[in-house]
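First the structure, in the form of structure tokens, and then the observations on it.
The values are calculated or read from the model by the stated rules, or taken from the named source; none is laboratory data. As the structure is a computational prediction, the values presented were derived from the model and not from experiment. For neighbour counting, all protein chains shown are included, and Cβ atoms are generated from backbone atoms with ideal geometry for every residue, glycine included. Protein only, heavy atoms only, side chains kept; ligands, DNA and RNA dropped before computing areas. Shrake-Rupley method; radii C 1.70, N 1.55, O 1.52, S 1.80 Å.
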Amino acid sequence: MKKIGIMTTGGDCSGLNTVIQRLYKGASLLGWKVIGILDGTDGLCENPPQVIEFNDGTLPIESARLAGSFLHNGRVHALNFETAAKTGKLDKFNKQLRKSLVELKLDAMILIGGNGSISLAWCNREIYSDLQLVCIPKTIDMDIPLTDKTIGFDTAVQQLTSFCDQLMLTARSHHRWFVTQTMGRECGQLALNAGIAIGASAILIPEIKFDINSLINHIKKSPTDYGIILVSEGVSLRGHSGRPADIISRKLTAAGIVNRTAYPEHTQRVGDTTASDRILATRMADCALHAIENNETYVMTAIKDCQCKTVSLQKFFESGSITSDPNIPNVKTSDAYVSPENPLLDIATHMGIYIGETK
Ligand code: F6P
């Protein structure tokens, strides 16, 4: 009988509870014992490590569609990843993680995380050298290399779509524009996909430069006197600081375009998990359990060409663009962005959506 651990790390998103519930279900049918780590690596680092043992009543099926993580994603206390990184105590933090894993006697750990958590796990892989490490990608940002899908993205697009659908009605009533800022960090996938879904008038993403005067001309020439300009949070305007939606809104006002800003914020990370995200979570849970059965380690589940397979963490790390946070330069992340070949870019242009200076 195997003993496996499950933990969720980084920002939450919808679909985490589905993947946790499916992992438990599949593992229990294999006769395995399942331990849930509370608060991700922060809880694992505690002495004793913060864990719960799963049974059939721990996470009922009707709760699996709910957003957030039943296991939590982290907490602020004496020694967590962020404080350790900022105070130069990462070695101490990592040693404690390894000690906790030895104490728990796990055969495998399933880490459900974003590009930051998966990169960290790979860069500090000796922590997991005595057990199998299988990662499952989740993020609303869709900025993880080597996978076409991440858990939580579809629900986030749906949440943004519903938010903007409602805004569009008040926009029309008042003959005004809404500059709506999306999450996504430096990756424009969320804004691009939601923008196509709602029929935005403009979609501004960090990967494509835009010209404020071209945007203003585009809005002035619009057949409607209302609509939505979707701006990804990673967009910057040279010579300006502050939130991009605020800056763009002020420029539009100065050009005589009546507008308001709107910030859906963390509503993008919640909402009942869409069917598509639930199916993805189930496929990834099944793939992760197979990987453990096959004695794989240091792998991530991924969707490529509609197939769910594992890819090595080394490949994942080396396939992205490797960046480091200026505040913690020794911590590196592998990031993916909207590629210039993304078909949605051409489609947006054909639909009369301003997406910046693509030519
Ligand atoms: O990475 C997920 C994400 O939601 C980003 O899109 C966003 O920039 C960030 O996390 C928000 O983080 P916090 O919840 O710490 O404000």
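Things to note:
- Counting only the Cα atoms, the stretch 117-252 fills a convex hull of 122 Å³ per residue.
- Computed from label points 7 Å out along Cα-Cβ, the spacing between Asp286 and Glu265 is 3.9 nm.
- Proportion of all alpha-carbon pairs of the chain beyond 26 Å (%): 52
- Taking 0.36 nm per residue of separation and subtracting the Cα-Cα distance, full extension of the segment from Ala275 to Met351 would add 24.6 nm.
- Restricting the stretch 6-88 to trypsin sites (Lys or Arg not before Pro) that sit in a DSSP loop and have at most 15 other Cβ atoms within 10 Å of their own Cβ leaves Arg75.
- Dipole of the stretch 228-359, positive end: most advanced residue of His290, Ile229, Gln268 [Cβ charges, Cα centre]: Ile229
- Within the chain, helix-based [θ] at 222 nm, where runs of 4 or more DSSP H residues each add -39,500 (n - 2.57), nearest 500: -11500 deg cm²/dmol
- Residues Ser129 and Thr58, FRET efficiency given R0 of 30 Å [Cβ-Cβ distance, rounded to 0.05]: 0.55
- For the stretch 248-305, the spread of Cα positions along the three principal axes, ordered from largest to smallest, is 63, 24, 22 Å.
- Look at the dipole of the stretch 135-179 built from charges on Cβ: of Phe153, Ile140, Leu169, the Cα furthest out on the positive end belongs to Leu169.
- Accessible surface ranking for Val134, Val51, Val102, 1.4 angstrom probe, highest first: Val102, Val51, Val134.
- This model, with +1 at the C-beta of Lys and Arg and -1 at the C-beta of Asp and Glu, gives the stretch 53-151 a dipole about its Cα centre of some 400 debye.
- Estimated distance in nm for a label pair at His240 and Thr358, the labels positioned 7 Å out from Cα along Cα-to-Cβ: 2.2
- Accessible solvent surface per residue of the stretch 104-226, calculated while the other protein chains remain in place, 1.4 angstrom probe, Å²: 37
- Fluctuation leader among Leu104, Leu192, Leu16 - the chain, Gaussian network, Cα springs under 10 angstrom: Leu104
- Estimated at 0.36 nm per residue, the fully extended path between Ile212 and Thr87 surpasses their Cα-Cα distance by 40.9 nm.
- Ordered from largest to smallest accessible area (heavy atoms of protein chains, 1.4 Å probe), the residues Arg238, Arg283 come out as Arg238, Arg283.
- Over 22 Å between alpha carbons, listed pairs Lys33/Lys99; Lys138/Lys332; Lys3/Lys86; Lys95/Lys309: Lys3/Lys86; Lys95/Lys309
- Alpha-carbon radius of gyration plus Dmax, which is the widest Cα pair, for the stretch 1-85 in Å: 13.2, 39
- Cys306, Cys45, reordered so the largest accessible area comes first (probe 1.4 Å): Cys306, Cys45
- Sequence-distant contacts, meaning Cα pairs under 8 Å at least 6 residues apart, place the relative contact order of the stretch 1-143 at 32 percent.
- Convex hull projection area averaged over all views, the stretch 181-324, Cα basis, nm²: 11.6
- Shown for the stretch 142-188: the carbon plus sulfur share of the solvent-accessible area, taken with all protein chains present and a 1.4 angstrom probe, equals 47%.
- Contact order normalised by residue count of the chain, Cα under 8 Å, 6+ apart, percent: 22
- Residue-level accessible surface for Ile140, protein heavy atoms, 1.4 Å, Å²: 10
- Charge dipole of the stretch 241-359 about the Cα centre (unit charges at C-beta), most positive-ward option of Ala336, Ile279, His350: His350
- Inter-site label distance for Asp107 and Ser222 at 7 Å from Cα along Cβ, in nm: 5.8
- Volume per residue for the stretch 298-349 equals 114 cubic angstrom (convex hull of Cα atoms).
- About its Cα centre, the chain has a charge dipole of approximately 440 debye under the convention of +1 per Lys or Arg Cβ and -1 per Asp or Glu Cβ, with nothing else charged.
- Between the Cα long axis of helix 90-104 and the first principal axis of the chain there is an angle of about 50°, rounded to the nearest 10.
- Student exercise, the stretch 233-359 dipole from Lys, Arg, Asp, Glu Cβ charges, in Debye to nearest 20: 480
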